[in-house]
Amino acid sequence: MLEMNGLQKVFRSGLVETHALRDFSLTVDAGEFVAVTGPSGSGKTTFLNIAGLLDGFSGGSYFLDGYNVTQLNDARRSKMRNQKLGFIFQSFNLIADLNIFDNVDVPLRYRGFSGRERKKRIDKMLEMVGLLGRKKHFPGQLSGGQQQRVAIARALAGEPRMILADEPTGNLDTLMAKQIMELLEDVNRQGTTVIMVTHDPNLARRANRHIQIVDGQLTDFQMYEPLSKIQQTAVAV
Ligand SMILES: Nc1ncnc2c1ncn2[C@@H]1O[C@H](COP(=O)(O)OP(=O)(O)OP(=O)(O)O)[C@@H](O)[C@H]1O
Ligand SMILES: [Mg+2]
């Protein structure tokens, strides 16, 4: 699904150069659930933005679904982004002057669904995140956690092949975080690839694979069994 080789990302502002990713290589197979952890400023969001074709890179190569990303023109790149990817941003990125219903509708408009099909999907997703009753509200009228849930509904509504989630549970209480995690796991079981940045080690442990970014590099490469299996093994021993 995703193959990055020796990626470099340098931000230049004035005289300051920040090497946000250095020699970053990662392969993610279709259907995987990958958790990404790492300290603040280590390059996690930078990695997701590049993975999601929202930002370019300074060196190395990136293949998404077999396509060499650097060789795609802007139109092809946007098309791939709209058709294959769903984003849950760290800062929500909801459109302030659209109500909740219309925010979730944004990616669906690119997919060529009928109006009726879009409404059905939007209502289903808003119900799933517990916000159907607020569909006429605007983002500014919602709490941070509620906005986060709208962002999640928007990312999932188009049934993307891959979901890129930046701290999707960061603004949610424990119960809601658990429900959102279950929702992502559910979507993953149905075949969607999920890459999720999180600070929560308990959530990271639930993924098929846990990777760590430190100082722009992949440091630790560990395979975790799901927690429940580890507990079962412990009992068996
Ligand atoms: N647009 C930009 N211009 C200049 N520097 C940037 C830009 N975006 C990110 N950086 C720098 O790149 C580095 C990686 O940032 P990034 O946002 O990827 O970190 P992060 O791991 O997502 O951190 P956090 O956990 O706080 O969200 C940081 O040093 C940051 O200051
Ligand atoms: Mg970040």
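The values are calculated or read from the model by the stated rules, or taken from the named source; none is laboratory data. Just so you know, these numbers come straight off a predicted model, no measurement behind them. Cβ atoms come from the backbone with ideal geometry, glycine included; neighbour counts cover every protein chain shown. With ligands, DNA and RNA removed, areas are computed over all heavy atoms of the protein, side chains included. Shrake-Rupley method; radii C 1.70, N 1.55, O 1.52, S 1.80 Å.
General observations
- Think of a 1.4 Å ball rolled over the protein heavy atoms: the chain then has 50 Å² of accessible area per residue.
- In this structure, Leu54 and Ala30 have a Cβ-Cβ separation that, at R0 = 30 Å, corresponds to a calculated FRET efficiency of about 0.90.
- GNM result for the chain, Cα springs below 10 Å: residue of Ala207, Ala30, Ala151 fluctuating most strongly: Ala30
- Spherically averaged projected area of the chain from its Cα convex hull (nm²): 14.4 nm²
- If R0 equals 41 Å, the separation of the Cβ atoms of Asp123 and Glu17 corresponds to a calculated FRET efficiency of about 0.30.
- Virtual spin-label span in nm between Ser78 and Phe63, 7 Å along Cα→Cβ: 2.8 nm
- Segment 34-171: C-alpha gyration tensor shape, a/c 1.5 cut-off, then a/b vs b/c: oblate
- Label point 7 Å beyond Cα of Gln217 along Cβ direction - residues of segment 34-49 with amide nitrogen under 20 Å: 36-48
- When the helices of the chain are scored as -39500 (n - 2.57) per DSSP H run of n ≥ 4 and the total is divided over every residue, the value at 222 nm lands at -11500 deg cm²/dmol.
- The shape of segment 1-78 comes out oblate: with a ≥ b ≥ c from the C-alpha gyration tensor, a/c is at least 1.5 while a/b does not beat b/c.
- Overall form of segment 41-119 per C-alpha gyration tensor (a/c, 1.5; a/b vs b/c): oblate
- Members of Lys9/Lys84; Lys44/Lys136; Lys9/Lys124 lying beyond 31 Å, as alpha-carbon distances in this model show: Lys44/Lys136; Lys9/Lys124
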